[in-house]
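Below is one structure, written out as structure tokens; comments come after it.
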Amino acid sequence: MINKIQRFNGCNMAPMHILYGLTLILIGFSIIPVNCTWWFISQLPLHAVGAGVLCDNIPGLVGKQRRLCRMHPDVMVSLGEGAKMGVRECQHQFRHHRWNCSTLDRDSSVFGKVMLKVGSREAAFVYALSSAGVVHAITRACSKGELMKCGCDPRKDGESRDKKGWFKWGGCSDNAVKRFMKLECKCHGVSGACTIRTCWLAMQEFRRVGEYLKLKYNGATQVMMNQEGSSLIVANRNHKRPTRKDLVYLEHSPDYCINNLQIGSLGTAGRHCNKTSMGTDGCDIMCCGRGHDTKTVLKIEKCECKFHWCCHVNCKECSRWVDVHTCKGPNPIAPVNFRQRRRYI
Ligand SMILES: *[C@@H]1O[C@H](CO)[C@@H](O)[C@H](O)[C@H]1NC(C)=O
Ligand SMILES: *[C@@H]1O[C@H](CO)[C@@H](O)[C@H](O)[C@H]1NC(C)=O
């Protein structure tokens, strides 16, 4: 199932043979226990060690994947960068949620122990985003000519016309994250007149991918095994069948209210919350009804910035008092019964 999620996200959109190899590496990640790989790879000191040493030490790769890893050390560098990008984007998308995609340093499991629920909706999101990050990073490295076996794609040449006239365009095989491509152009004429124009298909920011997948996360469908155990079916008959572009999950998520590493929850004690927000970052939801503490802290910010020719910026420092709200921990004597609140994550 996870496999499906990964393929949805990019591997099958990438025609380059190098990405075929990568796909094999990625797909393998889904069949091994989740206790490794993405987080591990995002932390690799890729520039510091040789490919052989590196590839032998990534947990969970099978023989073929290890061989691919050794054959394409340059790709592995992008792979690490892509995985990091996925982690950063995940934390951004979930910064206002109880589950915030946090990673525990020096813990080789994916996203700390937070991903222990292998078939959860969050796991689906992380797999999708990590694979997208990797495809994005490799595609970009490819367009920039940083990879050895990855030239420009002759099919990516074309002639088009818009209101400014005809132009030719070309590009490398960066159609992997192709939904998020846009045509970018640059004019080279005298004082910006578009007498000569170069256009290329460029990838949009990775943020767009994160936003797209966050929507998919919100609309993810729960599935289960059919009676024969041969395929996955929608758990609730009244729900729509997922398409190839949707995320699916097997298990309900915990509510992430209380610290319980066994179920992959760090809890929300000590998390910042917003007293006026009605969303998932509001103190009621974030703190799971346990209440919050408020501190007034002096916040120092840059202000009144002036640009000086050329080229530096001088700012003043302004300070103001702001209230900071943080969630209380669970009451050690009478544990609150908020475990059932699983909707807001
Ligand atoms: C995420 O939440 C955990 C506790 O739930 C907290 O320790 C960590 O600092 C948070 N991370 C971010 C980036 O906010
Ligand atoms: C708190 O939430 C309100 C309403 O959503 C928003 O306008 C405000 O900027 C938020 N404050 C902080 C500190 O994020």
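Evaluate the Debye formula for the stretch 262-327 with equal point scatterers sitting on the alpha carbons, no solvent, and hand back log10 of I(q)/I(0) at q = 0.12, 0.18, 0.19, 0.29 Å⁻¹, in q order, two decimals.
-0.51, -0.73, -0.77, -1.13
I need the peptides 90-102, 314-326 ranked by packing, meaning the mean over residues of other C-beta atoms within 10 angstrom, with the highest value on top.
Highest-to-lowest ranking by the protection proxy: 90-102, 314-326.
Before anything else, pin down the relative contact order of the stretch 262-327: Cα pairs under 8 Å, at least 6 apart, normalised by residue count, whole percent.
Result for the stretch 262-327 is 37 percent.
List Phe125, Phe307 from most exposed to least, where exposure is judged by having the fewest other Cβ atoms within 10 Å.
The fewest-first ordering by Cβ neighbours comes to Phe307, Phe125.
Would you grab the residues whose amide H sits under 5 Å from the one on Ser265? Only those 5+ places off in sequence or on another chain, please, with H modelled 1.01 Å from N.
Excluding prolines and chain starts, which carry no amide H, the hits are Asn260.
Summing Lys, Arg as +1 and Asp, Glu as -1, what charge do residues with Cβ under 11 Å from the Cβ of Lys275 carry, Lys275 excluded?
-3
Which loop-located trypsin sites (Lys or Arg not before Pro) does the stretch 201-308 contain, where loop means any DSSP state but H, G, I, E or B and the Cβ has at most 15 other Cβ atoms within 10 Å?
In loop regions of the stretch 201-308 (DSSP not H, G, I, E or B), the sparsely surrounded trypsin sites (Lys or Arg not before Pro) are Arg237, Lys240, Arg244, Lys245, Lys275.
Among Tyr127, Tyr217, which comes first, second and so on when ranked by fewest other beta-carbon atoms within 10 Å?
Result, fewest neighbours first: Tyr217, Tyr127.
Could you compute the FRET efficiency for Asn274 and Lys299, with r as their C-beta to C-beta distance and R0 at 22 Å, rounded to 0.05?
E between Asn274 and Lys299, to the nearest 0.05, is 0.90.
By how many nm would the segment from Lys144 to Ser231 grow when fully extended, if each residue of separation counts as 0.36 nm and the alpha-carbon distance is taken off?
Result for the pair: 27.2 nm of gain on full extension.
With the crude spin-label approximation of a point 7 Å out along Cα→Cβ, what separation in nm comes out for Asn260 versus His308?
Distance between the two pseudo-spin positions: 5.9 nm.
Given H placed 1.01 Å from N in the peptide plane, which residues other than close sequence neighbours of Tyr249 have an amide H under 5 Å from its amide H?
So Tyr249 has HN proximity to Thr221, Gln222, Val223.
Length gain on complete extension for the stretch Glu211 to Arg95, per 0.36 nm per residue less the alpha carbon to alpha carbon distance?
Full-extension gain reported as 40.5 nm.
Coordinate-derived values only; no laboratory data. The shown structure was predicted, so the numbers you read here are calculated from the model rather than taken from an experiment. As a convention, Cβ positions derive from the backbone with ideal geometry for all residues, glycine included, and neighbour counts pool all protein chains shown.
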